[in-house]
1. Please compute the modelled spin-label separation between Ile71 and Asn43, points set 7 Å along Cα→Cβ, answer in nm with one decimal.
2. Between Leu33 and Met52, how many nm apart are label points set 7 Å from Cα along the C-beta direction?
3. Treat the chain as a sphere of radius equal to its Kirkwood radius over Cα pairs and apply Stokes-Einstein at 4 °C in a medium of 1.567 mPa s; give the translational diffusion coefficient in µm²/s, rounded to a whole number.
Amino acid sequence: MTDELDIRNTRGRLIKLAIAAAIGGVLTFFTMLAMTSSGRGPNPDPVGASIMPLLGVAIFVVTTMFSLKVISKKR
C-alpha cells in the first residue's frame with residue numbers, strides 16, 4: 001500500500017474549486033435567466049448581442065471566486 005502524502009493539498013483544493021464552480025454555475029444560470037426574462041428583447045446588433053454571453057462569463061467568474069472564498073474560510 002503506497003499512499004503518497006499530498007503536502008500541498010492539491011486534491012482538497014481541486015474539490016473546493018469544483019464545488020465553487022458548481023455553485024457559480026447555478027448562480028450564473030439563474031441570474032442570466034432573470035436578466036433575459038425581463039427587458040426589451042434580443043439586440044439585433046452583432047456587437048450588442050455579444051454583451052449577454054460576455055456578461056455571463058463575468059458573472060460566472062465573480063460568483064465562483066466569491067463561492068471559493070466563502071468555502072475556504074479558515075475556522
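Bear in mind these aren't lab numbers, they're just calculated from the coordinates by the rules spelled out. Note that the structure is a prediction, hence the values are computed from the model and not measured. Here the Cβ positions follow ideal geometry from the backbone for every residue, glycine too, while neighbour counts run over all protein chains shown.
1. 3.2
2. Inter-label distance under the simple model: 1.5 nm.
3. Values: Rh = 14.7 Å.
D = 88 µm²/s.
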